[in-house]
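The values are calculated or read from the model by the stated rules, or taken from the named source; none is laboratory data. Every value quoted in this text rests on a predicted model; they were computed, and no experiment measured them. Please note: Cβ atoms are built from the backbone with ideal geometry, for glycine as well, and neighbour counts cover all protein chains shown.
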Amino acid sequence: MALLEVQDLVIDIPTASGVLHAVSELSFSVDRGETLAIVGESGSGKSLTSLAIMDLLPRVAKRRAARLTFDGTDLLSMREPEMRKLRGSRMAMIFQEPMTSLNPAYTIGNQLMEALRCHEDVSAEKARARAIELLERVGIAGAERRLLQYPHQLSGGLRQRVMIAMALMCKPDLIIADEPTTALDVTIQAQILRLLHDLKKEFGMAMILVTHDLGVVARVADKVAVMYAGAIVERGPARAVFKAPSHPYTRGLLNCIPVPGRTAPGTPLGAIRGQLPNLIGRLEGCAFRDRCDFAAPECAGPMRYVPIDAGHDVRCIRAEARKAVA
Amino acid sequence: MTDIALELKNVWRRFEVSQGAFKGKATLTAVADVSLQVRRGEVYALVGESGSGKSTLAKMLLGLLPPSSGEILIDGAPINAGNRIAVVRRIQPIFQDPYSSLNPRKSIEQLIALPLVVHRIGDGASRRTKVREMLDMVGLPARLLDAYPGQLSGGQRQRVAIARALVMRPEVVICDEPTSALDVSVQAQILNLLLELKRDLGLTYFFISHNLAVVEHLADRVAVMYLGRIVEERTRAGLFATPRHPYTRGLLDSVLTPDPDLGVPDTHLGIMNANPMAVQNGCPFQPRCPSAMDICATQPPPVTALPDGWATCHLLQEEALASQ
């Protein structure tokens, strides 16, 4: 049984001009010890999806799903007090901006220990020992001294490490990391990603990595879900998706980034014409069809997933036709 | 006209930084002894991480901040208080974030025409024609003339920013992270546009970025900056094929290409950000350098000439001595 199962997740946001369908019919699952990357550009609904799993959506957003289970427990019917017990203990989240997600008025030690003592009945000494152990584990030297420091006294890379340590305080089964390295310098990003990857293995955790960076995804993910306009357009094992990208949007995205050795310097990069469609009102057919080179009249009709390979499928009814041409 | 569009001679910039209510002021050296020459028609890229001084350098090039010492020359003419406005019109900026660099209360037409108004060029009618020309050049429809930035997407806003920079027909454009606030699909469109405009108008770009894949795609020459100093300056091909400074090597190792067969690289650089307040006597990179030697902590590294540029590292100096 998968650790997390999401089936037909829908997130609607009522606005003055109609209902905004931020996420529609999203299905995916994450196994123990597995890393799923959710990739997409701004407005694709990837961050809302991660918030929906934790039941942390803004009040206006409405969540529906056919099935949403964590380790066999139904999350849809769970009330807030029970959800709060789960959050931070068995499911933890790492946010993009470590400066805004740490409380500036409390010391690092205070916040780390609180994360554990909220959920488990342990003594302050034990919590402190665990905090020191984890700070050392994430590579922070002089952990005891750091416990007494405030967030502003740490650099961005260190703060992000503190966030990771905090997420690990209760030994969660699932970590959701929303753009954990986007705010960091490139040399620091590589170190943090390595660390997350090593810790994930060591603790046997599952991870959902939400990002827009295809380079990061290719290097750390086991499975990939590519999101466009609130829907997963392609999903499968990372290798398969990167070796044989099959949705026109996935291919378009990969052509947009210059890759040393593959793109000749100074030549035009591939670009996706047009813009993200308006997600307000009734949506039918493929949301990408206005920007797609392969669009046909039937793309305005009902969509389904077409299998490409084992575990790899695309939300494109033209996939077979395109395969036949290629 | 000289061949050198832009030149920096031993430019320094220091800031006085308050350290708290009861402590004295400290001096932060944001740009230290930078000398460089940008040739006409080339794309000169400046690469560095946060705190390396790239944006301070850009501000000085635009005449927004005077250097503490040293000289900045545009077309061989030094920028000074007397000629700042005349000189600076030949050099125009494109900033990182098109959400904050465009005044939300001004229409697109007003925004693009503003440099012409500031420099008192033309009258209303001729400005209007020019603005229309510019919109067309950056690929925006004329119907957007009366729109406001709030109605535009990120990519469209960056096109407006480009149109505004080019309406003065500058020779040099300072691009300060022009695509890092944009989505990948939009980034590609903007980079293509910048390359196209450079070809059509014969522009010179001073391109500031931390995205090495983008730099490799469009630069002719690259300078790597660390804590206010340029540590390596090479041709694009040379730098990416055989980086010589350990910091450049670490930077290149950190680039994550979308290749599922490769894991996350180990850069051996540690997790500490560079601290601009704690620069010692020796090499500024010494605290993070995986191959630091004793001499690095005490002696600033000398410049070693390379066939296609130069680098400052004690290791290179040792190599040069060994080969003699």
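Given the conditions (1) of a type in the set (A, V, I, L, M, F, W, C); (2) in the same structural domain as A:LYS46 (by TED's automatic domain parsing); (3) buried (at least 17 other Cβ atoms within 10 Å of the Cβ); (4) out of contact with any Ser or Thr (no Cβ under 7 Å at 6 or more places or on another chain), report the number of the one that A:LEU75 does not fulfil.
Going through the list (1) of a type in the set (A, V, I, L, M, F, W, C); (2) in the same structural domain as A:LYS46 (by TED's automatic domain parsing); (3) buried (at least 17 other Cβ atoms within 10 Å of the Cβ); (4) out of contact with any Ser or Thr (no Cβ under 7 Å at 6 or more places or on another chain), A:LEU75 breaks only (4).
So how many residues does the range B:38-63 have that are assigned to a loop (DSSP other than H, G, I, E, B) and within 18 Å of B:LEU28 (Cβ to Cβ)? Full working, then the answer.
First pass over the range B:38-63, keeping only residues assigned to a loop (DSSP other than H, G, I, E, B): B:40-42, B:48-53, B:62-63.
Those left that are additionally within 18 Å of B:LEU28 (Cβ to Cβ): B:48-53.
Of the residues in the range B:38-63, 6 are assigned to a loop (DSSP other than H, G, I, E, B) and within 18 Å of B:LEU28 (Cβ to Cβ).
Among (1) within 14 Å of another protein chain (Cβ to nearest Cβ); (2) surrounded by fewer than 21 Cβ atoms within 10 Å (Cβ to Cβ); (3) touching a residue at least 24 places away in the same chain (Cβ under 8 Å), where does A:CYS118 come up short?
Failed condition: (1).
Checking B:GLY139 against (1) within 15 Å of the chain's Cα centre (by Cα); (2) at positive phi, which test does it fail?
That leaves (1) as the condition not met.
Has the range A:188-200 got at least one residue that is surrounded by fewer than 23 Cβ atoms within 10 Å (Cβ to Cβ), of a type outside the set (S, T, N, Q), closer than 20 Å to B:ALA181 by Cα and at the interface with another protein chain (Cβ under 9 Å from one of its Cβ atoms)?
Among the residues of the range A:188-200, not one is surrounded by fewer than 23 Cβ atoms within 10 Å (Cβ to Cβ), of a type outside the set (S, T, N, Q), closer than 20 Å to B:ALA181 by Cα and at the interface with another protein chain (Cβ under 9 Å from one of its Cβ atoms), which makes the answer no.
Could you go through the range B:288-302 and let me know if any residue there is within 13 Å of chain A (Cβ to nearest Cβ), hydrophobic (A, V, I, L, M, F, W, C) and in contact (Cβ under 8 Å) with a residue 12 or more places away in the chain. Walk me through it before giving the result.
Initially, the range B:288-302 is screened for residues within 13 Å of chain A (Cβ to nearest Cβ), giving B:288-290.
Checking which are hydrophobic (A, V, I, L, M, F, W, C) leaves us with B:289.
With the extra rule that they be in contact (Cβ under 8 Å) with a residue 12 or more places away in the chain, the set shrinks to B:289.
Yes, because at least one residue in the range B:288-302 is within 13 Å of chain A (Cβ to nearest Cβ), hydrophobic (A, V, I, L, M, F, W, C) and in contact (Cβ under 8 Å) with a residue 12 or more places away in the chain.
Counting only residues that are farther than 15 Å from A:GLU133 by Cα and modelled with pLDDT under 90, which one in the range A:155-176 is farthest from the chain's Cα centre (by Cα)? Talk me through it step by step, then tell me what you get.
So the first thing to find is which residues in the range A:155-176 are farther than 15 Å from A:GLU133 by Cα, and the list is A:155-160, A:172-176.
Those still in the list that are modelled with pLDDT under 90 too: A:155-160.
Working: A:SER155: 24, A:GLY156: 21, A:GLY157: 20, A:LEU158: 21, A:ARG159: 20, A:GLN160: 16 Å.
It comes out as A:SER155.
How many residues are surrounded by 23 or more Cβ atoms within 10 Å (Cβ to Cβ) and assigned to a strand (DSSP E or B) if we restrict to the range A:175-187?
The qualifying residues number 3.
Looking at A:ARG235, A:ARG304, A:ARG251, which one is touching a residue at least 24 places away in the same chain (Cβ under 8 Å) and either of a type outside the set (A, V, I, L, M, F, W, C) or more than 10 Å from chain B (Cβ to nearest Cβ) (or both)?
Sole residue among the options that is touching a residue at least 24 places away in the same chain (Cβ under 8 Å) and either of a type outside the set (A, V, I, L, M, F, W, C) or more than 10 Å from chain B (Cβ to nearest Cβ) (or both): A:ARG235.
With in contact with a strand residue (DSSP E or B) (Cβ under 8 Å, 6 or more places away or on another chain) and under 23 Å from A:THR187 (Cα atoms) as the only criterion, which of B:LEU65, B:LEU57 stands out?
Among B:LEU65, B:LEU57, only B:LEU57 is in contact with a strand residue (DSSP E or B) (Cβ under 8 Å, 6 or more places away or on another chain) and under 23 Å from A:THR187 (Cα atoms).
Name the single residue that is surrounded by the most Cβ atoms within 10 Å (Cβ to Cβ) among those in the range B:43-85 being farther than 27 Å from B:LEU194 by Cα and touching a Phe, Trp or Tyr at 6+ places or on another chain (Cβ under 8 Å).
B:PRO67
Residue-by-condition table, conditions (1) farther than 17 Å from B:PRO170 by Cβ; (2) at pLDDT 85 or above; (3) part of a loop (DSSP other than H, G, I, E, B):
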residue: B:LEU8; (1), (2), (3): yes, yes, no
residue: B:ARG13; (1), (2), (3): yes, yes, no
residue: B:LEU28; (1), (2), (3): yes, yes, no
residue: B:SER35; (1), (2), (3): yes, yes, no
residue: B:LEU65; (1), (2), (3): yes, yes, yes
residue: B:GLY70; (1), (2), (3): yes, yes, no
residue: B:TYR99; (1), (2), (3): yes, no, yes
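Which of (1) over 25 Å from A:LEU48 (Cα atoms); (2) within 12 Å of another protein chain (Cβ to nearest Cβ); (3) of a type in the set (A, V, I, L, M) does A:VAL224 not meet, given it meets every other one?
Only one criterion in (1) over 25 Å from A:LEU48 (Cα atoms); (2) within 12 Å of another protein chain (Cβ to nearest Cβ); (3) of a type in the set (A, V, I, L, M) is unmet by A:VAL224, namely (1).
Specify the residue that is surrounded by the fewest Cβ atoms within 10 Å (Cβ to Cβ); the eligible residues are those in the range A:147-167 that are farther than 27 Å from B:VAL255 by Cα and more than 13 Å from chain B (Cβ to nearest Cβ). If you could, list the steps in order and put the result at the bottom.
Keep residues of the range A:147-167 that are farther than 27 Å from B:VAL255 by Cα, which gives A:147-153, A:166.
Add one more test, that the residue is more than 13 Å from chain B (Cβ to nearest Cβ), and what stays is A:147-151, A:166.
Working: A:LEU147: 19, A:LEU148: 11, A:GLN149: 15, A:TYR150: 15, A:PRO151: 21, A:MET166: 27.
Among them, the one singled out is A:LEU148.
Go through (1) at pLDDT below 90; (2) within 29 Å of B:GLN37 (Cβ to Cβ); (3) touching a Ser or Thr at 6+ places or on another chain (Cβ under 9 Å) and name the single condition B:VAL173 misses.
(1)
Restricted to the range B:176-224, and to residues that are basic (Lys, Arg) and either free of Cβ contacts under 8 Å to residues at least 24 places away in the same chain or not in a strand (DSSP E or B) (or both), which residue is nearest to B:VAL255 (Cα to Cα)? Please lay out each step first, then the result.
Kept after step one, since they are basic (Lys, Arg), are these residues of the range B:176-224: B:198-199, B:221.
Then keep just the ones that are either free of Cβ contacts under 8 Å to residues at least 24 places away in the same chain or not in a strand (DSSP E or B) (or both); that gives B:198-199.
Working: B:LYS198: 26, B:ARG199: 28 Å.
That would be B:LYS198.
For A:ASP309, state whether it is acidic (Asp, Glu) and surrounded by fewer than 19 Cβ atoms within 10 Å (Cβ to Cβ). I'd like the intermediate steps shown before the answer.
Numbers: acidic (Asp, Glu): yes; surrounded by fewer than 19 Cβ atoms within 10 Å (Cβ to Cβ): yes.
Criteria met by A:ASP309.
Of all residues being part of a helix (DSSP H, G or I) and of a type in the set (Ser, Thr, Tyr) in the range A:93-115, which is surrounded by the most Cβ atoms within 10 Å (Cβ to Cβ)? Just the residue, please.
Filtering the range A:93-115 for residues that are part of a helix (DSSP H, G or I) and of a type in the set (Ser, Thr, Tyr), the one surrounded by the most Cβ atoms within 10 Å (Cβ to Cβ) comes out as A:SER101.
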